[in-house]
Each structure stands twice: as C-alpha cells, then as structure tokens.
C-alpha cells in the first residue's frame, strides 16, 4: 500500500461521493483519473483490504432490533453450535473469544421475540443452554471508519 | 419511515457498489427508477439518519489494525452515562454500548478497542480504566471469525 492507497481508503470510508460518477469525483480530489481510482479499488478488494462499498444502517430506525449474544459452548460442540447460529441470516458477526463465554455473535431481527425463539431453538438443537442475550440500552459510539 | 421505493434502494446499497463509471445508474435501473431519484433517496436516507454511513468497509487486519478486543466493564449504574461518554472519546474505541447485566454476568458497558497488537489493546484498556476510574474490566480477544457480513434488511 502506498500513500495514494491510504488517502483513497480514508476518502472512500467517510466521504464517498453520492454522485452520478463517484470514482471521477474521487479522482478529482486525489489527482487521479477515474480509471485509476477504479483500478486501485479493484486491487484493494482483491488484496482483501476493502470488504465492500455500500450502506450501513441504524437497524433500530428501520424498525429492526439487535442484540449481542454470548454462549458458553464446550469445545467439542463449537462446530455444531456455530453452524446452528450462523444459519440465521440476522446473525451478522460471530467470533470465538478467549473466555468461558467463548462464542459471541450479534443478532438483528424484526423484533426480540424472533431472536428469543431462535435462541431457544438453537439451545434445543445443540444442547447449549447457557446463552446470554444482551440487548443495548444505549449507544454511546459507533464509528467504524479508520484513519489508515 | 421508509416506503417501498426506499426499500428497493436499501436492498441494493446493503450490498456492494459496482466498480463501473456510473454505479448508481446501474443500481437505479435494477430498482426501476431514474439515477436522479435513486441518488436523491440515498441522500434523504442519510439526512434522516437511517443510513448511518455510505462508504467502504475495511478488513481491519489487512488495513494494519491487527488486533481488536471487546473490553467489558462493570460500572456503577449511576455512572453509566458519564463513563460511556469518557470511553466514547477514545479514538481507538469504535463501539461503545451500555447493556444490562444478566444473571451472573455483571458487565454493563462494552467497548470495541482496536490496536496494532494485543499488548497495545491492554495498554488502551488501562488508559481507559484510569480515565474513567473503573477498575473492573475484562478483555475478550477474537481468536477466530466464524461470520462477518452485513445485514440484508429487505
């Protein structure tokens, strides 16, 4: 990654143009042609630096609810448990973490009833019943763009 | 709230923007509307705060942030607001939420901390602990990613 890549990454994280020719617009800001911008983004995607370019929404303002769940899963059940959890399209993030509560996932759905039902079903299917459901009471910060 | 045409816009921009000179025109065509209306609806969703952000999402590791920790804190209930705001000011903190404790699980503030190493995550957590005067916390490092995707709403 060179400095131009870094400048481009900072620009497209927080100031992506909502305009008919966004890559041309970005090129003007960075002194590149439209095609150079497209080629650089294409390469940064191939290298795995950029996951996607798109919208991130406040789920609550779309009348969805979200929560953070943590489960205490025995080593030999992790694969089965993760499979049962990830099957739900509302599960967007799922990580193994170094704690007794070792599987942590986020769950977005129409309402909490849907999530509670899904958790019960997962518990029944996998025999893992120690699952914490920790919906947010208040958000103090969400800022996922990084100065690179 | 959002109408049916907004839902068509959301259904497309929750995915990945095409790497073509006029990417929004391509999406607008798929949504059955003009490029102008499509762009206007995106701007409107943003100004109404429904669209939190439009732009690139990076893979942190590849972008040089090789370590991240979820730091969970036990904060006295009456200090939640004050402490949440202190934590939110740290630039290394990307997420800061208050969540109710549950059963034997006492933690009530959750912060995502990003650094270049695990040691650096510990250092950041120590700094936060001192700044807020909160001593009871734990760092949970991600050891494996099982899923990371963006939500499909519509």
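The values are calculated or read from the model by the stated rules, or taken from the named source; none is laboratory data. Owing to the predicted nature of the structure, the values given are computational and were not obtained by experimental measurement. All Cβ positions, glycine included, derive from the backbone under ideal geometry; neighbour counts span all protein chains shown.
Residue by residue through segment B:88-111, note down the ones that are closer than 17 Å to residue A:146 by Cα, at the interface with chain A (Cβ under 9 Å from one of its Cβ atoms) and either at pLDDT below 95 or touching a strand residue (DSSP E or B) at 6+ places or on another chain (Cβ under 6 Å) (or both). Result: B:88, B:91, B:93, B:94, B:95, B:96, B:111.
Listed by first and then second residue, the pairs linking a residue in segment B:79-90 that is more than 12 Å from residue B:133 (Cβ to Cβ) to a residue that is surrounded by fewer than 16 Cβ atoms within 10 Å (Cβ to Cβ), with Cβ atoms under 7 Å apart and 6 or more places separating them unless they lie on different chains, are B:84/A:138. Would you say residue A:95 is part of a strand (DSSP E or B) and either surrounded by 18 or more Cβ atoms within 10 Å (Cβ to Cβ) or in contact with a strand residue (DSSP E or B) (Cβ under 8 Å, 6 or more places away or on another chain) (or both)? Against the criterion (part of a strand (DSSP E or B) and either surrounded by 18 or more Cβ atoms within 10 Å (Cβ to Cβ) or in contact with a strand residue (DSSP E or B) (Cβ under 8 Å, 6 or more places away or on another chain) (or both)), residue A:95 qualifies.
Suppose the filter is in contact with a strand residue (DSSP E or B) (Cβ under 8 Å, 6 or more places away or on another chain), more than 30 Å from residue B:19 (Cα to Cα) and not in a strand (DSSP E or B); does residue B:83 pass it? It would help to see each step written out before you state the result.
Details: in contact with a strand residue (DSSP E or B) (Cβ under 8 Å, 6 or more places away or on another chain): yes; more than 30 Å from residue B:19 (Cα to Cα): yes; not in a strand (DSSP E or B): yes.
Yes; evaluated as a whole, the condition is true for this residue.
For segment B:2-18, the candidate set comprises residues that are part of a loop (DSSP other than H, G, I, E, B) and within 7 Å of chain A (Cβ to nearest Cβ); within that set, the residue that is nearest to residue A:36 (Cα to Cα) is B:17.
In summary, residue A:56 fulfils each of the numbered conditions (1) facing another protein chain (nearest Cβ under 7 Å); (2) free of Cβ contacts under 8 Å to residues at least 60 places away in the same chain; (3) in contact with a strand residue (DSSP E or B) (Cβ under 7 Å, 6 or more places away or on another chain) with the single exception of condition (2).
Scan segment B:1-18 for residues that are crowded, with 19+ Cβ neighbours inside 10 Å and free of Cβ contacts under 8 Å to residues at least 12 places away in the same chain and the total you get is 1. Of the numbered criteria (1) modelled with pLDDT of 95 or more; (2) touching a helix residue (DSSP H, G or I) at 6+ places or on another chain (Cβ under 9 Å); (3) within 29 Å of residue A:54 (Cβ to Cβ), the one residue A:145 fails is (1). Of all residues in segment B:122-154 being outside any helix (DSSP H, G or I), over 30 Å from residue A:110 (Cα atoms) and out of contact with any strand residue (DSSP E or B) (no Cβ under 8 Å at 6 or more places or on another chain), which is nearest to the other protein chains (Cβ to nearest Cβ)? Only one residue fits best here, namely B:133. For residue B:117, indicate whether it is closer than 29 Å to residue A:52 by Cβ and out of contact with any strand residue (DSSP E or B) (no Cβ under 7 Å at 6 or more places or on another chain). Considered against the rule, which asks whether it is closer than 29 Å to residue A:52 by Cβ and out of contact with any strand residue (DSSP E or B) (no Cβ under 7 Å at 6 or more places or on another chain), residue B:117 comes out as no. Got at least one residue in segment A:108-118 being farther than 16 Å from residue A:68 by Cβ, surrounded by 13 or more Cβ atoms within 10 Å (Cβ to Cβ) and in contact (Cβ under 8 Å) with a residue 40 or more places away in the chain? Checked against the condition, which is being farther than 16 Å from residue A:68 by Cβ, surrounded by 13 or more Cβ atoms within 10 Å (Cβ to Cβ) and in contact (Cβ under 8 Å) with a residue 40 or more places away in the chain, segment A:108-118 yields at least one hit. Residues of segment B:19-29 that are more than 9 Å from every other protein chain (Cβ to nearest Cβ) and without any contact (Cβ under 8 Å) to a residue 12 or more places away in the chain: B:26, B:28, B:29.
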